[in-house]
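A short write-up of the structure that comes next.
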Amino acid sequence: MLQQILKDMYVDPELLAELDETQKQTLFCRMREEQVRRWSVWDHDEGIKPAYPKRQKSKIQYNKKVQWMLDTNGNPWTWIMGEHKDDKTIEQIIEEEAREAARIQAEHETEQLRLKVESELMAMLENKAKTQFNPPENKYSHATEEIYCSVEDLNARNARKPCVATQPMRGALKELSFNKVSERVRNWEHRVMEERTSEIYNKMKNKKEEEERQAEEADKKQEIVWREQKQKAKEVELQIRQIARQAREEHRRSLLNTSEKPSNVVFVPNSSKPSSKKAVVEWFRAKEIPRRAGFEKDKNAIATWFHGLITRQEAEILLVNEPVGSFLVRLSERIWGYAITYKDHDCCKHYLVDASNGHYQFLGTNQISHNTLSELVSYHRNMPITKTGEELLLRPCNRTTNLPPLVFQGLLKT
């Protein structure tokens with residue numbers, strides 16, 4: 001399996017999920033060594049290749065020069081926003097844009113109001129048959145009186161005297177036409193537009209300040225969350241770095257031990273992998289049952305910890321309520337071998353056991369091989385699976401029924 005991975009420089013994601021962090025780092029070291037070896041071979045081959053002849057230059061000449069605009073001194077002309085004395089600041093530009101937007105909105109609202117007042121005045125002109133002018137009581141009546149009444153009339157009205165606005169009103173109405181608006185109406189419209197512009201601008205300013213305040217509060221909350229996430233990420237990174245450092249040291253020591261003690265430390269897996277569940281079952285019946293795989297040591301009984309061909313999810317469900325140190329052994333669909341599912345403090349860990357070379361050992365380098373699967377399980381009841389952890393196989397997880405696994409009954413589990 002390892003030879004196939006190094007040949008393709010690719011690891012099946014499902015197979016990678018079966019490995020723990022230490023095994024992943026060890027596999028990374030081997031793949032990195034293979035990359036360096038391939039690069040060295042390629043660099044050596046490239047060095048002995050003859051140099052390519054130089055290409056002839058094309059006779060066609062292209063003008064690829066860039067023409068720069070020059071200043072009075074003959075240097076390239078540059079302009080940096082904000083450095084010139086006449087440049088406006090970004091705050092001034094934003095304020096001018098806001099005032100212009102408020103002016104446009106106020107102008108539109110004032111235009112609509114003027115048209116409405118004009119329509120009412122035109123209706124008054126057409127009502128010449130009435131002997132007494134009585135303007136309608138609505139929200140624009142005060143505006144029309146303010147436009148057409150004189151100062152004396154307004155003072156008289158404030159003194160609770162009857163406002164005789166008929167003659168000034170009639171005089172102003174005579175000046176109106178369908179194509180021209182009186183000067184008083186235009187002045188009134190200009191004053192209303194200025195007041196409305198100021199009102200709209202203040203609302204926009206207050207709204208912007210409120211949005212900035214809310215954004216600042218949200219940034220403070222996000223800053224706190226980001227710092228917490230950063231701290232957690234640093235802790236995880238330090239943990240991964242520690243595991244990677246230990247894996248590299250262990251891999252380096254394994255290379256030294258391999259040169260001195262080649263027995264029981266060299267891992268030479270099969271290059272193929274199972275193609276289906278049926279192939280796994282046939283391999284187990286033909287090769288593993290004669291080797292008493294899945295049986296108790298020195299007993300003619302199926303081990304309680306052996307569950308046959310079950311999935312990774314099914315194994316985790318069986319161990320979810322079990323104490324730390326519980327384990328089970330199942331057939332693997334990724335390699336010719338088995339997977340040990342171990343219940344840790346906060347999760348379940350999965351360790352692959354290769355059985356393709358006539359022995360039983362965990363994937364990786366410098367792994368101790370065992371003659372039978374039960375010997376491997378017994379050995380790790382007292383010795384941890386990894387050197388950096390405390391994975392002791394203390395308590396087997398029994399099967400839910402007294403029946404043997406389906407692989408012994410000649411059936412496939414669907």
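Just a few scattered comments:
- Annotation note: of Glu314, Glu296, the sole residue that is at pLDDT 90 or above, open to solvent by less than 70 Å² (accessible area, probe 1.4 Å) and not hydroxyl-bearing (Ser, Thr, Tyr) is Glu314.
- Annotation: of all residues in segment 4-21 being in contact (Cβ under 8 Å) with a residue 24 or more places away in the chain and not in a helix (DSSP H, G or I), the one that is surrounded by the fewest Cβ atoms within 10 Å (Cβ to Cβ) is Met9.
- Taking segment 60-107 as the range and being under 21 Å from Ser198 (Cβ atoms) and open to solvent by 100 Å² or more (accessible area, probe 1.4 Å) as the test, the residues that pass are Glu91, Glu97, Arg99.
- Long-range neighbours under 7 Å by Cβ, at least six apart or interchain, first residue surrounded by fewer than 18 Cβ atoms within 10 Å (Cβ to Cβ) within segment 274-285, second among the hydrophobic types (A, V, I, L, M, F, W, C): Lys277/Leu309; Lys277/Leu412; Lys278/Leu412; Trp283/Trp336
- In this entry, Leu328 passes the filter for residues that are touching a His at 6+ places or on another chain (Cβ under 7 Å) and either buried (at least 21 other Cβ atoms within 10 Å of the Cβ) or closer than 23 Å to Lys273 by Cα (or both).
The values are calculated or read from the model by the stated rules, or taken from the named source; none is laboratory data. Please read these numbers as outputs of a predicted model, since none were measured by experiment. Cβ atoms come from the backbone with ideal geometry, glycine included; neighbour counts cover every protein chain shown. Note: areas computed on protein heavy atoms with side chains; ligands, DNA, RNA excluded. Shrake-Rupley method; radii C 1.70, N 1.55, O 1.52, S 1.80 Å.
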